[in-house]
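For reference, the structure is listed below as structure tokens.
The values are calculated or read from the model by the stated rules, or taken from the named source; none is laboratory data. Just so it is clear, the model here is predicted, and its values are computed rather than measured. Virtual Cβ from ideal backbone geometry, glycine too; neighbours counted across all protein chains shown.
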């Protein structure tokens, strides 16, 4: 199993290619969205190891999502956003509180990676309200980051 640094390195190389593509073909014109894409892609490249009791990702998970929530509230403050964040935190807390700890279990499955990346893309879509074409492209960006982890773990 590669160390987390290898997962982030491969994802960084992958993101350089994606960013070049997104900027060159006009899929990305908001730099705040670019920051979120880079952050989420880095997160997704190490996320599958959350099912390992030895992984530090479990320990920093709450801090990461609290930071995202704070940025989201500052960026798009409204009653709906606070309501959405409240229920998102409840869902995430319950999900990870009762999450199985068998390493290379559900988080290392293709179906879970698709589902999880879809959820994150929907969150970005709610935040930035982009087109369906951009939704598909951003979903592919995030999915490739997640799959880069599974690819490295295969070797």
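Given the conditions (1) closer than 30 Å to residue 25 by Cβ; (2) at pLDDT 70 or above, report the number of the one that residue 57 does not fulfil.
With respect to (1) closer than 30 Å to residue 25 by Cβ; (2) at pLDDT 70 or above, residue 57 is out only on (1).
For residues that are assigned to a helix (DSSP H, G or I) and closer than 16 Å to residue 121 by Cβ, scanning just the range 15-31, find the one that is nearest to the chain's Cα centre (by Cα).
First, pick out the residues of the range 15-31 that are assigned to a helix (DSSP H, G or I): 15-24, 31.
Adding the requirement that they be closer than 16 Å to residue 121 by Cβ leaves 15, 18, 22.
Details: 15: 13, 18: 15, 22: 17 Å.
Top of the filtered list is 15.
Residues of the range 102-155 being part of a loop (DSSP other than H, G, I, E, B) and either crowded, with 16+ Cβ neighbours inside 10 Å or on the phi < 0 side of the Ramachandran plot (or both), which ones?
102, 103, 105, 109, 130, 131, 154, 155
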